[in-house]
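Student: Take a look at this one; I'll ask things after.
The values are calculated or read from the model by the stated rules, or taken from the named source; none is laboratory data. Computed from a predicted model, the values in this text were never measured in an experiment. Cβ placement follows ideal geometry from the backbone for every residue including glycine, while neighbour counts extend to all protein chains displayed.
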Amino acid sequence: MQREKARKGTGVSSLRRLAAYVVDWYLATMVCGAPLLLVNAMRTGEQTLDTSLPPDGAGWLWGAVAIALGVLYYWLIPLVWNGQTPAKRLLRLKIVRADNGKSASAGKLLLRQAVGLLLLEGAVAFPSQLLRELLARAAGDGVADAVRIGMVAITIASVLLGVYTPGRRMLHDRISGTCEVLLPEQSAACKQNSSSKA
């Protein structure tokens, strides 16, 4: 059944996917921002919500740490949790291979989550914002602004793919050969198990 869903399209509503994205965005921002909050509080002696990159070499170090935490959040958690981030688990969504409905491999998840979501469609993701800040330090604001505009354009195109095409597969799904499926409710599965045991 899951394989058939993957072949025909996910059937997952755009609103459910958006809700999962918003929750994951918030959680990932907290994970990535935590070391920056701590470093900036220690550096300035003030307890403000400052997630900016510290100046000089410390910015490079802590920026890399925060970006790595973002990649780990978006890639490692779905790898360990069999295609689910915390928000996908909450909303009963799962990332699977589009061709057969089986679990996505580590490589497919890395391509989908890190390359697709954070690099190409990184218009609003916090790790992507930090990456653009580091790019601005290295190559100037003009280059970082051009990358930001490109990310916004790619994100808009991806959203349109996710809303208006059959299967509702966004760009990150298409480049990785994955899709999202809606898992059955746990209570229905529990009822089935208990009735089969009786």
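Student: Scanning for something in a helix (DSSP H, G or I), under 23 Å from Ile154 (Cα atoms), at pLDDT 95 or above and touching a strand residue (DSSP E or B) at 6+ places or on another chain (Cβ under 9 Å), does the range 96-109 turn up at least one residue?
Tutor: Yes.
Student: Residues of the range 75-86 being surrounded by fewer than 20 Cβ atoms within 10 Å (Cβ to Cβ), assigned to a helix (DSSP H, G or I) and free of Cβ contacts under 8 Å to residues at least 24 places away in the same chain, which ones?
Tutor: Leu76, Val80
Student: Only one of these is closer than 26 Å to Ser13 by Cα, in contact with a Lys or Arg (Cβ under 8 Å, 6 or more places away or on another chain), crowded, with 16+ Cβ neighbours inside 10 Å and among the small types (Gly, Ala, Ser): Ala125, Ala98. Name it.
Tutor: Only one candidate qualifies: Ala98.
Student: Would the range 125-133 turn up any residue that is touching a residue at least 40 places away in the same chain (Cβ under 8 Å) and either closer than 17 Å to Pro78 by Cβ or in a loop (DSSP other than H, G, I, E, B) (or both)?
Tutor: Yes, there is a match, as at least one residue in the range 125-133 is touching a residue at least 40 places away in the same chain (Cβ under 8 Å) and either closer than 17 Å to Pro78 by Cβ or in a loop (DSSP other than H, G, I, E, B) (or both).
Student: Of all residues in the range 136-190, how many are of a type outside the set (Ser, Thr, Tyr) and outside any helix (DSSP H, G or I)?
Tutor: 11
Quick grid of which residues meet (1) more than 15 Å from the chain's Cα centre (by Cα); (2) free of Cβ contacts under 8 Å to residues at least 24 places away in the same chain:
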| residue | (1), (2) |
| --- | --- |
| Cys32 | no, no |
| Pro35 | yes, no |
| Met42 | yes, yes |
| Trp60 | yes, no |
| Ala66 | no, no |
| Gly70 | no, no |
| Tyr73 | no, no |
| Lys88 | no, no |
| Gly101 | yes, no |
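Student: Only one of Leu118, Leu111 is more than 14 Å from Val12 (Cα to Cα), surrounded by fewer than 21 Cβ atoms within 10 Å (Cβ to Cβ), hydrophobic (A, V, I, L, M, F, W, C) and touching a residue at least 40 places away in the same chain (Cβ under 8 Å). Can you tell me which?
Tutor: After ruling out the rest, the residue left standing is Leu111.
Student: Would you be able to tell me the number of residues in the range 132-164 that are among the aliphatic types (A, V, I, L, M) and either closer than 17 Å to Tyr21 by Cβ or touching a Gly at 6+ places or on another chain (Cβ under 7 Å) (or both)?
Tutor: 10
Student: Could I ask something else about it? Exactly one condition in (1) modelled with pLDDT of 95 or more; (2) more than 12 Å from Gly177 (Cα to Cα) is false for Gly122; which is it?
Tutor: Checking Gly122 against (1) modelled with pLDDT of 95 or more; (2) more than 12 Å from Gly177 (Cα to Cα), the one that fails is (1).
Student: Taking the residues in the range 3-31 that are part of a helix (DSSP H, G or I) and in contact with a strand residue (DSSP E or B) (Cβ under 6 Å, 6 or more places away or on another chain) as candidates, determine which candidate is modelled with the lowest pLDDT.
Tutor: Ranking the candidates gives Ala6 first.
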